[in-house]
Amino acid sequence: MRITMVKKILADGSPCRKCAEVEARLRDGGHLRRIDRIVIADERDPASEGMALAGLHGVDLAPFFIVEQDDGGTRIYTIFLRFLREVLQA
């Protein structure tokens, strides 16, 4: 399994508050080490990797998680608690 976290930089250049909160919860819970990649969706740059991933998966919210399974399946999580329960605590 490969996990990518996509977090956002807002149009004014500030970090997304919710993204920072979720990242802190991952760190405090000892789960951050399970995240393989953290990608930035920069609202100031529509071509940023995170914005491209958001468009590809039809996601408007941040943060979100892309979970690529070993069997080739991919699941998108936009709700942190569901991601925590179904992936990190499973």
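The values are calculated or read from the model by the stated rules, or taken from the named source; none is laboratory data. All of these numbers come straight from a predicted model, not from anything done at the bench. So basically every Cβ, Gly included, is an ideal-geometry build from the backbone, and we count neighbours across all protein chains shown. The accessibility values were calculated without ligands, DNA or RNA, using every heavy atom of the protein model including side chains. Shrake-Rupley method; radii C 1.70, N 1.55, O 1.52, S 1.80 Å.
Remark: pairs (first residue in the stretch 65-84, of a type outside the set (D, E, K, R); second residue assigned to a loop (DSSP other than H, G, I, E, B) and surrounded by fewer than 16 Cβ atoms within 10 Å (Cβ to Cβ); Cβ separation under 7 Å; 6+ apart in sequence or on different chains) = Val67/Met1; Gln69/Met1; Thr78/Leu61. Does the stretch 56-69 include one or more residues that are charged (D, E, K, R), open to solvent by 80 Å² or more (accessible area, probe 1.4 Å) and under 22 Å from Ala90 (Cβ atoms)? Looking through the stretch 56-69, none of the residues is charged (D, E, K, R), open to solvent by 80 Å² or more (accessible area, probe 1.4 Å) and under 22 Å from Ala90 (Cβ atoms). Looking at this structure, is Ala52 assigned to a helix (DSSP H, G or I), surrounded by 12 or more Cβ atoms within 10 Å (Cβ to Cβ) and among the small types (Gly, Ala, Ser)? Yes, satisfied. In summary, Ile76 fulfils each of the numbered conditions (1) closer than 19 Å to Ser14 by Cβ; (2) within 10 Å of the chain's Cα centre (by Cα); (3) of a type outside the set (Phe, Trp, Tyr) with the single exception of condition (1). Scanning the stretch 77-90 for residues that are closer than 15 Å to Arg2 by Cβ and out of contact with any Phe, Trp or Tyr (no Cβ under 6 Å at 6 or more places or on another chain) yields Val87, Leu88. Could you tell me which residue of the stretch 1-49 is nearest to Ile79 (Cα to Cα), considering only residues that are assigned to a loop (DSSP other than H, G, I, E, B) and of a type in the set (Asp, Glu)? Checking each candidate, the answer is Asp36. Residues in the stretch 23-49 that are surrounded by 17 or more Cβ atoms within 10 Å (Cβ to Cβ), within 10 Å of the chain's Cα centre (by Cα) and not β-branched (Val, Ile, Thr) were compared, and the one that is farthest from Gly13 (Cα to Cα) is Glu23.
Take Ala90 and tell me if it is open to solvent by 70 Å² or more (accessible area, probe 1.4 Å) and at pLDDT below 95.
Working: open to solvent by 70 Å² or more (accessible area, probe 1.4 Å): yes; at pLDDT below 95: yes.
Here the answer is yes, as Ala90 does meet what is asked.
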